Amino acid sequence: STSTSDGASKKTRVMVIGGDGYCGWATALHLSKKGYEVAIVDNLIRRLFDHQLGLDSLTPISSIHNRLRRWKSLTGKTIDLFIGDICDFEFLAETFKSFEPNAVVHFGEQRSAPYSMIDRSRAVFTQHNNVIGTLNVLFAIKEFQEECHLVKLGTMGEYGTPNIDIEEGYITITHNGRTDTLPYPKQASSFYHLSKVHDSNNIAFTCKAWGIRATDLNQGVVYGMRTDETEMHEELCNRFDYDGVFGTALNRFCVQAAVGHPLTVYGKGGQTRGYLDIRDTVQCVELAIANPANPSEFRVFNQFTEQFSVNELAALVTKAGMKLGLDVKTISVPNPRVEAEEHYYNAKHTKLIELGLKPHLLSDSLLDSILNFAIKYKDRVDQRQIMPSVSWKKIGVKPKTVTV
Ligand code: NAD
Ligand code: USQ
């Protein structure tokens, strides 16, 4: 019952795990709009992290219940909701038996590298939550829904920053006269990024051993706020993180520029990563679902559209801010992370383009729109949350207290 065209895709049932989060919410709405039957599975723990750490989204976000009621009243479309923890196998098994998904998109993990480096208990939580959650999804597919295609959110950070080109998942190596195509070497640099490596290994093994069909989307850093669906109504508004724990590079710089905080370049600023617009996240996930992996296939796509160094992003935001009359400064913050600050970076990203991805490249008008959004909500910004507070080297076993 999975299929590629918009019309026939109406039968495809997609479970979106982590569908209350930044990428998951935008994707759930996009898939619902496209005619897929969608169910969101989420334990809302991300909203709890915000409370625990004293953080908040730049944008006010409605409860998941109000979000789904608003979606129904605007479009007539129902999105099913299962509130629970995928680490609880009984819960996950019931959602599988009740919803019978043809595809599962798995966004439901603790996704912040700094959060995973706060203290021992957060490091352990991150790896437990992410690795056990994904294992449970694999067991649920095997037991209840063996044709179901797993679309798993991984990260470009699994590869690290090697001094050779990064391939999409696999590299062909000739060694002592023999040649093989092997998983691309992994060099993750936080307990969070490592959890994704562990997931990839578990998924690859179960594809081989059980015949699971899976796509690992090694996503780069996501930026942007609006998608066609989230901008339909303020109650559908997406979250937007700018704090030092959950905020990501470009989104943070736009908020910093809007409130007159200097842009926080860590160390030398040569750290280069793949980036993509959230409108391309939703497009990529739909393409992966519409073109499923074969049984036993462990498919890996590098999901980003352009590469930038942190210094390049700071320069782009400075220029866009000046056009809006903002006085944008940059400071070099001692790097709280352990990472290469000047390095070679050239990562392949052709497989999603081959499936039909039409990228939204970073443009002046997009920067302008994020900056204007940040200006609109600037009274909600807590400037004390901007500087980084988590150090890769100082992590210890003692529970870290949140100082106010
Ligand atoms: P997010 O924190 O906004 O959303 C994650 C959602 O998953 C939250 O709503 C949370 O409550 C839920 N969740 C976490 N653990 C769960 C569990 N055990 N059971 C049920 N629900 C659970 O994160 P995001 O930015 O939307 O990222 C989504 C995925 O995409 C993550 O896997 C992340 O690693 C990946 N990713 C994100 C980015 C980015 O820049 N945001 C970049 C690359 C990859
Ligand atoms: N950085 C700065 N200043 C800042 C914030 C970040 O210089 O204010 C630097 C970091 O040191 C790093 C780079 O920018 O070198 C990216 O950092 P980030 O916080 O934007 O992204 P990262 O920690 O890598 O994590 C984010 C998401 C994660 C996802 C990952 C994709 O939170 O879920 O997996 O992006 S990737 O980077 O490709 O691994």
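The values are calculated or read from the model by the stated rules, or taken from the named source; none is laboratory data. Here the structure is a predicted model, which means the values were calculated and not measured. Glycine gets a Cβ as well: all are built from the backbone with ideal geometry, and neighbour counts include every protein chain shown.
If you check Glu109, Glu100 for being among the charged types (D, E, K, R), surrounded by 18 or more Cβ atoms within 10 Å (Cβ to Cβ) and in contact (Cβ under 8 Å) with a residue 60 or more places away in the chain, only one passes: Glu109.
Going residue by residue through region 157-166, is there one that turns out to be away from ligand 2 (no atom under 16 Å from the Cβ), among the aliphatic types (A, V, I, L, M) and buried (at least 16 other Cβ atoms within 10 Å of the Cβ)? Taking every residue of region 157-166 in turn, none turns out to be away from ligand 2 (no atom under 16 Å from the Cβ), among the aliphatic types (A, V, I, L, M) and buried (at least 16 other Cβ atoms within 10 Å of the Cβ).
Mind checking whether some residue in region 287-299 is in a helix (DSSP H, G or I), touching a strand residue (DSSP E or B) at 6+ places or on another chain (Cβ under 6 Å) and under 30 Å from Leu150 (Cα atoms)? Within region 287-299, one or more residues are in a helix (DSSP H, G or I), touching a strand residue (DSSP E or B) at 6+ places or on another chain (Cβ under 6 Å) and under 30 Å from Leu150 (Cα atoms). Under the condition of being within 16 Å of ligand 2 (Cβ to nearest atom) and either charged (D, E, K, R) or at pLDDT below 95 (or both), the residues counted in region 93-122 number 3.
Scanning region 62-97 for residues that are of a type in the set (S, T, N, Q) and within 11 Å of Met15 (Cα to Cα) returns a single hit, Thr95.
Of the residues screened, Val131 is not one that is within 26 Å of Leu182 (Cα to Cα), in contact (Cβ under 8 Å) with a residue 60 or more places away in the chain, under 19 Å from the mean Cα position of the chain (by Cα) and buried (at least 24 other Cβ atoms within 10 Å of the Cβ).
Among the residues of region 318-335, is any of a type outside the set (S, T, N, Q) and under 25 Å from Gln110 (Cβ atoms)? Within region 318-335, one or more residues are of a type outside the set (S, T, N, Q) and under 25 Å from Gln110 (Cβ atoms). Here region 314-370 is the region considered, the condition is being without any contact (Cβ under 8 Å) to a residue 24 or more places away in the chain and part of a loop (DSSP other than H, G, I, E, B), and the residue that is farthest from Cys284 (Cα to Cα) is Gly325. Say whether the condition of being of a type outside the set (Lys, Arg) and within 30 Å of Arg120 (Cβ to Cβ) is met by at least one residue in region 346-365. Looking for residues that are of a type outside the set (Lys, Arg) and within 30 Å of Arg120 (Cβ to Cβ), one finds none in region 346-365, hence no.
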